[in-house]
Amino acid sequence: MSRVVWLASAGSTNTEALEQARLGVPHGWAVAARTQSGGRGRLGRVWEARPGNLYLSVVLRPDVPPDRLPWMTLGAGVVIAETLGPPFAVKWPNDVLDDQGRKVAGVLAEAEWTDGRLDALVVGIGVNLVDAPPGATHLAEHGRTVSREELAETVCRGLASLDPATVPSRWADRSCTLGRRVRIGEVEGRAVALDDDGALLVATRSGRQRVVTGDLGFL
Ligand code: BTN
């Protein structure tokens with residue numbers, strides 16, 4: 001059974017999904033658009049729409065404590081990297097890169113809370129299938145012809161059945177981050193592990209530091 005509702009166009013599929021989440025759609029409901037006019041990226045960036053790429057948002061209603069929620073968003077990167085297979089891997093927190101460090105997919109998770117309780121987590125996913133901005137990559141460049149509809153269904157199923165307890169080891173298996181020298185804001189050092197809440201632990205000259213969010217660059 002198809003789970004994904006397809007729109008010819010949307011402002012942002014995350015906005016559509018957040019609206020539907022407020023109206024009560026169930027866990028695993030998803031919306032995709034063939035194009036977006038107002039795609040949002042992490043850290044307030046714009047996610048440009050290029051024809052033929054995937055713009056997907058999945059509504060999740062996971063029963064996890066708030067401090068374990070990052071595993072659901074980290075899990076989105078894992079599901080994409082596992083679905084695409086090598087050479088694609090996850091860069092903390094949840095970008096998916098090829099083996100030359102070029103981005104093929106990104107994840108923007110947005111949560112709806114009522115009185116401190118999570119109502120819904122919308123996981124928005126952009127995958128470059130046939131085109132990409134300068135410096136990024138797309139699947140066609142790797143010789144992959146992928147059906148947008150099938151990829152959307154597979155990723156949606158993977159997210160709807162995601163058990164956060166499985167994410168730490170799966171993330172480590174698909175990571176292109178651990179063991180590398182990185183910089184996130186002021187923090188510079190070697191990425192050594194993820195903490196219990198998904199924060200990145202970085203071994204710096206002044207000791208181990210925890211990073212909970214930010215933009216990671218490789219050194
Ligand atoms: C990032 O890497 O900055 C995250 C990009 C997320 C883009 C997707 S496209 C589908 C969904 N709708 C949005 O407006 N953003 C996400």
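The values are calculated or read from the model by the stated rules, or taken from the named source; none is laboratory data. Please read these numbers as outputs of a predicted model, since none were measured by experiment. In this analysis, Cβ positions are derived from the backbone assuming ideal geometry, glycine residues included, and neighbour counts consider all displayed protein chains.
Remarks
- Residue among D119, D98 that alone is surrounded by fewer than 19 Cβ atoms within 10 Å (Cβ to Cβ) and touching a Phe, Trp or Tyr at 6+ places or on another chain (Cβ under 8 Å): D119
Table: residues versus (1) free of Cβ contacts under 8 Å to residues at least 40 places away in the same chain; (2) more than 13 Å from the ligand (Cβ to nearest atom); (3) within 11 Å of the chain's Cα centre (by Cα); (4) closer than 23 Å to A140 by Cβ.
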{"position": "A76", "(1), (2), (3), (4)": "no, no, yes, yes"}
{"position": "A89", "(1), (2), (3), (4)": "no, yes, no, yes"}
{"position": "L97", "(1), (2), (3), (4)": "no, no, no, yes"}
{"position": "G101", "(1), (2), (3), (4)": "no, yes, no, yes"}
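- Residue list for region 106-148, filter: acidic (D, E), more than 19 Å from V90 (Cα to Cα) and more than 18 Å from the chain's Cα centre (by Cα): D115, D119, D131
- Of the residues making up region 112-126, those that are away from the ligand (no atom under 14 Å from the Cβ) and in a strand (DSSP E or B) are E112, W113, T114, R117, L118, D119, A120.
- Residues that are farther than 20 Å from K103 by Cα, touching a helix residue (DSSP H, G or I) at 6+ places or on another chain (Cβ under 6 Å) and of a type in the set (D, E, K, R) within region 164-219 comprise just one, D197.
- Inter-residue pairs, beta-carbon under 6 Å, first closer than 27 Å to P66 by Cα and in region 177-201, second among the acidic types (D, E) and surrounded by fewer than 15 Cβ atoms within 10 Å (Cβ to Cβ), 6+ apart: D197/D67; L201/D195
- Qualifying residue in region 135-149 (condition: assigned to a helix (DSSP H, G or I) and over 17 Å from V104 (Cβ atoms)): yes
- Within region 23-47, considering residues that are within 11 Å of the ligand (Cβ to nearest atom) and part of a loop (DSSP other than H, G, I, E, B), the one nearest to V5 (Cα to Cα): T35
- So V58, is it within 11 Å of the ligand (Cβ to nearest atom), buried (at least 20 other Cβ atoms within 10 Å of the Cβ) and not charged (D, E, K, R): yes
- Members of region 63-92 found to be at pLDDT below 95 and of a type outside the set (A, V, I, L, M, F, W, C), listed by number: D63, P65, P66, D67, R68, P70, T73
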